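Chemist: One structure is given below, represented as structure tokens, and several questions about it will come after.
Each reported figure results from applying straightforward, stated rules to the coordinates on display, with no laboratory input. Bear in mind that the values here come from a model prediction, so they are computed numbers and not experimental data. Cβ placement follows ideal geometry from the backbone for every residue including glycine, while neighbour counts extend to all protein chains displayed.
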Amino acid sequence: MIDLIKKLKSYHFELQHLLALIVVLIFFQVSLSVINNRFSSSLLSSNMEIYRRDLAENLADLSATSLELLIEHNLLNPNRSNEEIRNAIRSFNIIFSQKYLQPNVKDVCVILFQGDSLMSVDDGRELYQYFLEEKRIIKPDSMQHIEALNFFHDIEERFLKEEQIEVTTIDSYIFHVYVPFVPMGELKGAVYMKIVPDIGGISHEIKTVYNDSGTVFSALILLGLFAMFLITSYVVRERDTAQKQLFDREQQQIADKISHDKEALFTRRIYHTHHKAEKVMGFIKEDVRLIKDDTIRSKITKYANFISRVIYDMKSYNPPISVIRGSVFNTDLNQLLTFLTENIFGRVHRASKMFNFQLDLDKNLPKVHINEYVIWEVLEPLIQNSIDHNNDKSVTVTLRTKYFSDEKISKIFIEDNGRGISDKYLKINDKGIKKVFEEHISSKDRMDNSGYGCFLAWEIANKRLGWQLDAENHGNGARFIITIKG
């Protein structure tokens, strides 16, 4: 309890919080009152409409049909005994006595057309004599069923024209129903019923709904109060947290700015030293020309050109296409693979018997119009990958080239007989690239400076050279395939 009191004291309720609570409560009260009134009115109207259509009309129609069938049955039996006559009259009277048997039925009669006048009949004997003995009904001054006759005068013209059931509603719950009376298929008048339904059940239902609405309203108030309390508590508590996070974020932004400034300074140093390095490399190339041994001169020149290319790449992240592809370049891929094997990897790993290199080069492979030192940046990390990922066993790295003249496609295969590439690195991501070519992805234990070789090779081959670099397993080893079209 003490902890709870301390926690409540830590919250600072302000005027706007209390105003929000009041507004929410008023909104709930008004909304629920409107909904309850509309629902109650709709419920009463719906029940009256259902009663009128499904009970009042059906009840009157059933009475009219019963009278018609009784009259038609007796007309088809001209030789009626006294007992049959009494049964017929009794049946008529049973129908007319519904106002005594059913509490909802207040009046029942048959309105007959007799010349230009209307006659109301609610006695079985009179109805029997009129239809079966063809006797006239003499009630010129009768005031019986005056209400039924008055309402019928209002609808008589439409009733005679349409011969449909007519219902006149008074105060939404008193129904005057007129059903066409057509014994033997000829319209003789109308069967009238006055029906006043007992709405006690409906009233009870409305009261029940009102009570339920009150219960729901009370629950909404409690829920609203509880929700507002939780929301207000949460907002007030999080305000200080947000301020602290803002302070931490400002600190992080300052740290990021310092780091960015350091990177910018490092970039400026690269730009500054780039020109000096290029100048020195020019001097090296100039002095190399003085060497008389063509083989040594050629090797040193290639080394110097590759270093120049590396220095250039450090300066330009996205170099122009003219320094990568063009008619001025005419690179022999077979010669480049041979040079890399003999003078790069052969020299680095000559002291070890763990690695062997085999060349299977197609002499028909055409030259490509691409800077050979850019191609060097693609081939070198792929070959190095076969060595680095199999440094605990004797591995043979095979470099093959193949030209498909029919399709005008050249392919370079870099494959080994090592452990191969894990299946998880051969899965394709949502960009359609295999995971082995993603940045900072490597199976090495130390990840600080790994995971860039295959990534850079794919970036240069696919985006700068227009080639297609793929990776797969063959047997137990790994295989990289470079496809060159044209």
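Chemist: So who's got an amide H within less than 5 Å of the one on Asp107, skipping anything under 5 residues away but keeping other chains? H placed 1.01 Å off N, in plane.
Modeler: The answer is Lys194.
Chemist: Ok, one more. When the chain is fully extended, how far beyond the present Cα-Cα distance does Lys285 get from Glu438, taking 0.36 nm per residue of separation?
Modeler: 51.4 nm
Chemist: Along the Cα→Cβ direction, 7 angstrom out, place labels at Asp388 and Ser327. What is the inter-label distance in nm?
Modeler: 4.0
Chemist: If you don't mind, there's one more thing I want to ask. With labels modelled as points extended 7 Å from the Cα through the Cβ direction, what inter-label distance (nm, one decimal) is found for Leu69 paired with Asp293?
Modeler: With each label placed 7 Å out from Cα toward Cβ, I get 12.7 nm.
Chemist: Let me ask something else about it. Can you list the residues of segment 397-424 with backbone N under 19 Å from a point 7 Å past the Cα of Lys485, pointing along Cα to Cβ?
Modeler: 402-413
Chemist: In the calculated pair distance distribution of segment 318-485, what percentage of Cα-Cα distances lie above 19 Å?
Modeler: In whole percent, the share of Cα-Cα pairs in segment 318-485 beyond 19 Å is 56.
Chemist: May I ask you to derive the FRET efficiency for Ser97 and Ser31 from their Cβ-Cβ distance with R0 = 56 Å, giving the value to the nearest 0.05? Display every interim value, and only then the final one.
Modeler: Numbers: r = 51 Å, r/R0 = 0.92.
Taking R0 as 56 Å, the efficiency between Ser97 and Ser31 is 0.65.
Chemist: Which peptide among 78-85, 377-384 comes first, and what is the full order, when sorted by highest mean count of other Cβ atoms within 10 Å?
Modeler: 377-384, 78-85
Chemist: Quote the FRET efficiency, to the nearest 0.05, computed for Val23 versus Gln252 with a Förster distance R0 of 45 Å and r equal to the Cβ-Cβ distance.
Modeler: For Val23 and Gln252, the calculated efficiency is 0.70.
Chemist: Go through Gly475, Trp376, Ile409 and say which Cα lies farthest out towards the positive end of the charge dipole of segment 318-485; charges sit on Cβ, +1 for Lys and Arg, -1 for Asp and Glu.
Modeler: Ile409
Chemist: Please find the FRET efficiency linking Ser422 to Lys402, where r is the Cβ-Cβ separation and R0 is fixed at 35 Å, and quote it to the nearest 0.05.
Modeler: The calculated FRET efficiency here is 0.85.
Chemist: On to the next question. Pairs to check: Lys262/Lys431; Lys299/Lys363; Lys363/Lys408. Give those whose C-alpha atoms are more than 25 Å from each other in this structure.
Modeler: Violating the 25 Å limit, Cα to Cα: Lys262/Lys431.
Chemist: Still on this model: Describe numerically, in nm with one decimal, the distance between label points set 7 Å from Cα along Cα→Cβ at Thr169 and at Thr208.
Modeler: 2.3
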